[in-house]
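Here, each number is a calculation from the coordinates, and none is a lab measurement. Please read all numbers here as calculations on a predicted model, not as lab measurements. Neighbour counts are summed over all protein chains in view; Cβ atoms, including those assigned to glycine, are modelled from backbone coordinates with ideal geometry.
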Amino acid sequence: MVDLAYVIAGSEATGGAGIQADLRTFQQFGTYGVGTLTCIVSFDPKADWAHRFVPVDPQVVADQIEAATAAYDLDVVKIGMLGTPATIDVVAQALGARPWRHIVVDPVLICKGQEPGAALDTDTALRRQILPLATVTTPNLFEARTLSGMDEIASIDDLVESARRIADLGPRYVVVKGGVEFPGDDAVDVLFDGTDAEILRAPKVGSARVAGAGCTLAAAITAALATGSDVTDAVRRAKDFTTAGIVDRIGGNTPFDAVWQGAAASDR
Ligand code: PXL
């Protein structure tokens, strides 16, 4: 029987990030992907690829979750972009209604298409209602600074301290991603399990952000967990998968490249 992996996330219309990246990742891990759409982000090529954001009606989000969870006994889920407090209410309620083996939360905090006030309410709702349910959360540097309340994260000690503070908000495991912004030649991630921190490193691939890297990492962790990996193994497999996809990234007419999830296929 094939393993199932579930994702509740937004669409990003160029296909680089969001649920498109998630479902491609699930497929590459040999899992059957099921997706629930929370919002639609359409970058605007006429306005420097600014974000245009449209939420899916919260009742329609609830209907999709009802259909997906009735059709299959889903027990591993990734939470991507949710977008509004009303959507967060619906998703938090649905997550609380059944037992999950793993809830992987990519704490997507900002969308440039949202008004700052609305974005703040969404951040607060995510921190209060979704983050405590996470077995694994995967903040990037910006999200780690926001969630930990730290002004600067510039050393390994800072990464570990931010992970420790975010674990205090409820998640069982925290993966803080250094990414291209973190000083040094390596892409450094910290996996904190509530007691100990493991440092994962891979040489940086260039210095530009690549679209879909965060989505792909969290989706790969989710899919690896669905296939039976433990969290440590899932995070290691996910980092290798994402690094390979960054190395073989694809370029379009956008100012940013996108992760190619097919890159690591021959490795597994
Ligand atoms: O990379 C974060 C992200 C997640 N989900 C959606 C997005 C983005 C970034 O653009 O559009 C739908």
For the pair Asp185 and Asp233, what calculated FRET efficiency results from E = 1/(1 + (r/R0)^6), where r is the Cβ-Cβ distance and R0 = 35 Å, to the nearest 0.05?
-> 0.85
Label-point separation, Asp73 to Ala50 (7 Å along Cα→Cβ), nm | 5.0
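Quick one: if the Förster radius is 25 Å, what FRET efficiency do Asn253 and Phe142 give, using the C-beta to C-beta distance and rounding to 0.05?
Computed FRET efficiency for Asn253 and Phe142: 0.45.
Of the peptides 257-265, 57-65, 21-29, how do they stack up when ordered by the mean number of other Cβ atoms within 10 Å, highest first? Numbers along the way, then the final one.
Details: 257-265: 20.6, 57-65: 16.8, 21-29: 24.2.
Descending packing order for the listed peptides: 21-29, 257-265, 57-65.
I need to check one value: relative contact order of the range 4-267, counting alpha carbon pairs closer than 8 Å and at least 6 residues apart, in percent.
Numbers: 552 pairs, mean separation 46.0, N = 264.
Over the range 4-267, the number comes to 17 percent.
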Under 14 Å from the Ala202 label point (7 Å along Cα→beta-carbon), backbone N, the range 139-179 = 177-179
Label-point separation (nm) for Gln27 and Leu120, each offset 7 Å from Cα along Cα-to-Cβ?
-> 4.2
Taking placed amide H atoms and a strict 5 Å upper bound, the residues 5 or more places from Phe43 or on another chain that come that close are Ala13, Thr14, Arg52
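Using packing as a proxy for protection, rank 192-199, 33-40, 122-129 so that the peptide with the highest average count of other Cβ atoms within 10 Å comes first.
On the way: 192-199: 13.9, 33-40: 21.5, 122-129: 18.4.
Going by the mean number of other Cβ atoms within 10 Å, highest first, we get 33-40, 122-129, 192-199.
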Among Ala47, Gly83, Ala13, whose Cα sits farthest toward the positive end of the charge dipole of the chain (+1 at Cβ of Lys/Arg, -1 at Cβ of Asp/Glu, about the Cα centre)?
-> Ala13
Can you give the helix-only mean residue ellipticity at 222 nm for the chain, where every DSSP H stretch with n ≥ 4 adds -39500 (n - 2.57) and the sum goes over all residues, rounded to the nearest 500 deg cm²/dmol?
-> -11500 deg cm²/dmol
So, with +1 on the Cβ of K and R and -1 on the Cβ of D and E, and no other charges, what is the size of the charge dipole of the chain about its Cα centre, to the nearest 20 debye?
-> 320
What shape does the chain have by the C-alpha gyration tensor, where a ≥ b ≥ c are the square roots of the eigenvalues, rounded means a/c under 1.5, and otherwise prolate means a/b greater than b/c and oblate the rest?
-> rounded
Let me know the number of lysine pairs in the chain closer than 27 Å at the Cα, not counting same-chain pairs under 8 apart.
-> 11
Expressed as a rounded percentage, what relative contact order does the range 115-216 have, with Cα pairs under 8 Å and six or more residues apart?
-> 22
Fraction of antiparallel bridges per DSSP, the chain only, in percent to nearest 5 = 50
From the residues Gly178, Gly206, Thr216, which one has its Cα farthest along the dipole of the range 144-240 in the positive direction, the dipole being from +1 and -1 charges on Cβ of Lys/Arg and Asp/Glu about the Cα centre?
-> Thr216
